[in-house]
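See below for the structure under consideration.
Each reported figure results from applying straightforward, stated rules to the coordinates on display, with no laboratory input. The structure presented is a predicted model; accordingly, all values stated were derived computationally and were not measured. Here Cβ is always computed from backbone atoms with ideal geometry, including for glycine, and neighbour counts include all displayed protein chains.
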Amino acid sequence: MSARIARGSQAAVRRPANRSGTPRKRSKKKQPSLLDGLPVSPATLRAMIMWTVVIVLLVVAAAAAAAFRLPQKAGTAVGEQVGAAGFIVRRVELRGLNRMDHSTVYSAVLDQPSMAMPLVDLDAIRARLMAFPWIRDARVSRRLPDTLVVDVVERTPAAVWQHNGRLTLIDESGAALGAVRPDALPNLPLVIGTGAERRVDQLAALLNAAPRLRPMLAGATWIGDRRWDLRFRTGETLALPEGQEPAQRALRRFADMDERRQLLGGNFLRFDLRIGGRMIVRLKPGQNGRLPSVAPPVAPGQSPEAMARTI
């Protein structure tokens, strides 16, 4: 005879019993946590989160104090609290510094009323760095918790400028980098004349028209704020016409002629290419013999020190 269970009555559900006879409880499956697999313990992680929140609040408070021009003492106090939490300058990382003395830059960076990171004036540091002649550009940033990063772009020496009896090292823009002693001249072109320092880049572009002549160049004089006279290590002077393009064409012609006929290091003192299509040459004193094939024979009554030839 089968048993029936009436509706509305509660049926006793039997749980499987263990060996002791007591019913077994179902085990709940553990849900995976986001903290599983992290390399730090949950307690350490909670502490890190707490300190992060505190620091963010302090930094925001300091920024708000500066933005809304709250009393200086209040903003300084907040910044010092951030520094007391461990955010204080302990390291300075310099990048791009090759020619300047590192200690000079360190002194400019660390000249601060407070070493607390929020109170370090990055704009003031950059202004002090930009005052150095050798620095063309600078960028200063914070790297929490304790490092200032200084990226520097140094100027590159391009020439020595002789003016009013002084020798000054300059870059391609004409910025003065420092004085130069006559007995310690670097292996750079010597430019002479008022305004020559502002045209070093033009001189470099001019010499690119005849690169084989660049190692032979001893200096260049800017004449009348109009044109260049080039002086070579072998003692000759080359007068170029006005204008960048005419000067480049004349210099290329001269380089080709020198390569074929070895004008430099010979019997000449000066070459003048200011007249289009012609070259006027001047011989060294006492050179009355046969001229190189670049010039025609001396006509009767013509001075061998000054003569012209169509080129």
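Some points to look at:
- Length available on full extension from Ile49 to Glu259: 0.36 nm per residue minus the Cα-Cα distance, which gives 68.1 nm.
- For region 174-218, the residues whose amide N sits under 13 Å from a probe point set 7 Å from the Cα of Thr156 along the beta carbon direction are 201, 204-205.
- Peptides ranked, highest mean first, by Cβ atoms within 10 Å: ranges 230-242, 130-142: 230-242, 130-142
- A crude spin-label estimate for the pair Ala179 and Ile280, with each label 7 Å from Cα along the Cβ direction, gives 4.0 nm.
- Here is the tail figure for region 102-176: Cα pairs spaced more than 16 Å apart come to 56 percent of all pairs.
- Other residues whose C-beta falls under 12 angstrom from the C-beta of Arg155 contribute a net charge of -2, scoring Lys and Arg +1 and Asp and Glu -1.
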